[in-house]
Structure formats: C-alpha cells, structure tokens
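Presented below is the structure to which this report refers.
The values are calculated or read from the model by the stated rules, or taken from the named source; none is laboratory data. Small disclaimer: the values here were computed from a predicted structure and weren't measured. Positions of Cβ are backbone-derived with ideal geometry, glycine not excepted, and every protein chain shown enters the neighbour counts.
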Amino acid sequence: MSNVKALWGSLLSGIVFGIAWVIFTDQIAYYTKCRESVLSGNLCGWKNTSDFQIAYSQSCCNLDCQQRPNSTCGSTVNGICPGPNGEVNFACSCTFHSNCTTSTPVSQSTLDLAKDKYGGWKSLAGQAQLIYLPAVLILLGFFMINTVESSDLTGELEYPNNVFIKVWFFIGSLITFTSLAISLWLLVDVFAKDKALQVGPGVGTVVQVCLVSLSCALFWIARRFGEDSVNIGL
C-alpha cells in the first residue's frame, strides 16, 4: 500500500512540477509576443503606455511648431501627427505648453520614447530580469530538500553526519522560502508599480514558485512512503 502511495505521490509531484514551468515560460513568451506586436497588429490589444502617449504628443507639438513658428497652442494643434509607422495615431496635443514656439523644450529621452516601436512597454530587463532568479533558487531548494531522507532527520545518523544533514535540509528550506519572497517582491514592487510593465510575468513567477514548492513537498512525502515500503519489506 505504501509503495502505491509513493508511486502516485511521485506522479502527482511530476505533473505539478511540469504545470509550474509551463505557466512560467508561457507568461514570458506571451509578454514578449504582445510587446513586439503593439505597433504592428497589436495581437493582444495592449494600449500604448501613458508615458509613450505623452512623449509622442510633446514631440509632435514641437515638430508642428517648427513648421508653423509663433503659433499659439490650444488643447490640440490643428492637424494630426503621423504615427511611428506613418499611420494616423494621435492628435497633436499641446496641453503641456502654454505657448507653442520653436523653442519649446523637448528632451532627447522624450524624443527617443516617442519613437519607441514597442509603444513604451519595457522589455524584461533590469529589475524585471530577476524573474529568472526565483526559478533557479526553487530548483536548488527542490534538489537539496529531496536529497534528504526523512529517517536522516530523526537522529539515527551519528555525529557529525546528523548535524550536516539537518543543516543541509534547513538551507534547502530557506532557499525555497527565499525564492517565494523574491517572487512576491518582484510582483508587488516591480511589475505592479511600473506602468511600462504588464504584471503577467510577475504573476507567472509567483505561481511557478508556489507550484514547485508544492511539487517538492509531494515528492518528499512520496519518498517517505517509499522508505516505509522498503522497511516493511525488510
């Protein structure tokens, strides 16, 4: 009976483990595909970020004022500014300037953002790139925890092996909790706060870590049933 429980526990652990990685990789692939299609088909229906629209509006106003010097801005400049790919995109709004002149300051960073072919959406770089760290840590924790037999924690081993095994198991557990903490921090403090990032990859990371942690626990319990089966056989 214990052997059957060990088999089903291991199988369930493997299924949960696989689902975790499918969710994680799918969210990254989905984010990348959607970002690349924002201004060329917009497969996912993402709107350009508000910062991109502001930058585009400011640079558009500056361009219009160079063509029509000394004009006075209302809520919009007469005419429509062409989009990044030549399409008609935004009305040339000058609400950010009380007087539209050729000297209207537009920074280089604003001009660069206005030309961004991703509509202002950021790539998974910088702090966002840390989404791969919890994945690595949870794998390490999974390995460390499941190289320890439950019997090794009951004190049957002699000193100093029993101490080493317990410390090894504790570090593996600590790494697992650390991966969860990092994934939550990324979701709450990086993806949820940055207007130029979608939360999908952050959510995918948290779900992955939780599922791999569950898979780790299931596999450890299944191995314990396996130990009981061996002991009964002996």
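Structure above, values below:
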| read-out | value |
| --- | --- |
| Subset of segment 4-55 (residues that are surrounded by 14 or more Cβ atoms within 10 Å (Cβ to Cβ), at pLDDT below 90 and either in contact with a His (Cβ under 7 Å, 6 or more places away or on another chain) or under 21 Å from N146 (Cβ atoms) (or both)) | K5, A6, L7, G9, S10 |
| Residue within segment 93-107 that is out of contact with any Pro (no Cβ under 6 Å at 6 or more places or on another chain), in a helix (DSSP H, G or I) and modelled with pLDDT of 70 or more present | no |
| Hey, S183 in a helix (DSSP H, G or I), of a type outside the set (A, V, I, L, M) and under 18 Å from L124 (Cα atoms) or not | yes |
| Every pair of residues 6+ apart whose Cβ atoms lie under 6 Å, when the first sits in segment 215-234 and is surrounded by fewer than 18 Cβ atoms within 10 Å (Cβ to Cβ) while the second is at pLDDT below 80 and of a type outside the set (F, W, Y) | R224/S150; D228/S2; S229/S2; S229/N3 |
| Selected residue (criterion: surrounded by the fewest Cβ atoms within 10 Å (Cβ to Cβ)) from residues of segment 186-197 that are under 11 Å from the mean Cα position of the chain (by Cα) and part of a helix (DSSP H, G or I) | V188 |
| Residue in segment 148-160 that is of a type outside the set (A, V, I, L, M, F, W, C) and touching a Ser or Thr at 6+ places or on another chain (Cβ under 8 Å) present | no |
| Test set (1) under 27 Å from the mean Cα position of the chain (by Cα); (2) at pLDDT below 90 - P134 fails condition number | (2) |
| Test set (1) modelled with pLDDT under 95; (2) surrounded by 17 or more Cβ atoms within 10 Å (Cβ to Cβ); (3) closer than 16 Å to V148 by Cβ; (4) hydrophobic (A, V, I, L, M, F, W, C) - I175 fails condition number | (1) |
